[in-house]
1. Using helices alone, what [θ] at 222 nm do you get for the chain, with -39,500 (n - 2.57) per DSSP H run of 4 or more residues, divided over all residues and rounded to the nearest 500?
2. At 0.36 nm per residue, minus the direct Cα-Cα distance, what do E93 and N245 gain on full extension? Give it in nm, one decimal, please.
3. Choose one of H63, M251, V146: the residue whose Cα lies farthest towards the positive end of the charge dipole of the chain (beta-carbon charges +1 Lys, Arg; -1 Asp, Glu; about the Cα centre).
4. Starting from the Cα of V46, step 7 Å along the direction of its Cβ; do the same at E203; then give the gap between the two resulting points in nm.
5. Among 160-170, 144-154, 31-41, how do they line up by average Cβ neighbours within 10 Å per residue, starting with the highest?
6. Rounding to the nearest 20 debye, state how big the charge dipole of the chain is about its Cα centre with +1 on each Lys and Arg Cβ and -1 on each Asp and Glu Cβ.
7. Summing +1 for each Lys or Arg and -1 for each Asp or Glu, what net charge is found among the other residues whose Cβ lies under 13 Å from the Cβ of G246?
8. Could you check the spin-label model distance between E311 and A274? Points 7 Å from the Cα along Cα→Cβ, value in nm.
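The values are calculated or read from the model by the stated rules, or taken from the named source; none is laboratory data. Keep in mind that this is a model prediction, so the values were computed, not measured. Positions of Cβ are backbone-derived with ideal geometry, glycine not excepted, and every protein chain shown enters the neighbour counts. Heavy atoms of the whole protein, side chains included, go into the accessibility calculation; ligands, DNA and RNA do not. Shrake-Rupley method; radii C 1.70, N 1.55, O 1.52, S 1.80 Å.
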Amino acid sequence: MKSAGLAPGVFTLLKMGMLHQAPTTIGHEGAGIVEAIGDQVRDFKVGDRVRMHPTMSCGRCKHCLTGVDQMCAQAAMVGFVAFGQNPVPEFREYHPGALAEYVRLPARYVDPLPDNVSFDVGSKVQDLANAVRCLKAASLLPDATVMIFAATGTMGTAAIKLAPFFGISRLVLVGRSSERLEKLRAITDLPVDLVATDVFEGEEDPAADLSGKVMSLLPGGADAILDFAPQGANFWPAVAGLGTNGAFVHMGGATQPFPVPLIGMLRNCWRVIATRNNSREDARMVLELLGSGRLEVDELVTHRYPLKEAETAIEAMTSRSQAMWWAVVNP
């Protein structure tokens, strides 16, 4: 392992007691160099630069055969979690993850890493592919306006970088901190509006103020909202800015009930889509964009830690006490 990405979701599940294979090594994002191969491996050789594709699936069901393998009933993620009660048998043997000096995987869950892509970026292909999954789910038309909740986080910044490849012409970025949001202007050439919830703190009705701000920016409504916030209620008043036939795509893992009644969705013809993880096709699209040089994201890696400081890295990632886009551990 040369680089292991950090993502807060695994630590949330750990605290909730949902990592049933524990004790184990966590980490579902990783890239490195092939150290050894099995005698049946034909597509890789020792010394190859690669990234791990963490999602295991059966490869035979209707989901696997139609390019949405992450929906497989047996799907599980290396160093993360099984999504159903009966994960693929490989998961039992190969679930230890990337926060280590070495990781062992079946060859079919390994992708070549283009020479121009750093190991740090290679370890974060998973998050870029998750953003691709959300952008695809939104079914955007050309010249779209998209609002992103939790825009300063790992997934939000990934979606900002990918926006031009999905016909997006304007972004409205929503987050907690005015200071952190302002820094996002530097990572995109698209027109950007910023909406920070901290400016409404102490007001009589912060939710109404947030809703009013978004509606003033988007009198015609946004074509889609991408919600990456685990505490969705912080931003959900801004859903008022979603336009007719707009898509609300959620990958934040919020536990609160969605506040809009069905009659409200019906009246606006809203499409509410919850999605998890990404498909192999999504990841390969990211690798192609990175390898061609059309997508450049190196600036998003803001924090690097040695393996011996993994606990410090995890604390920084989960507490959000400092401005952090992407964090990696370098074993």
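1. Numbers: 10 runs with 88 residues, N = 331.
Counting only the DSSP helices, I get -7500 deg cm²/dmol.
2. Working: separation 152, 0.36 × 152 = 54.72 nm, distance 4.51 nm.
Computed gain between E93 and N245 is 50.2 nm.
3. Among H63, M251, V146, the one farthest towards the positive end of the dipole of the chain is H63.
4. In this crude spin-label approximation the distance works out to 6.3 nm.
5. 144-154, 160-170, 31-41
6. Values: 30 positive and 35 negative charges, 175 e Å.
The dipole of the chain has a size of about 840 debye.
7. Numbers: positive: R267, R271; negative: D223, D227.
Taking every other residue near G246 into account, the sum is 0.
8. Each label point lies 7 Å from its Cα, and together they span 3.5 nm.
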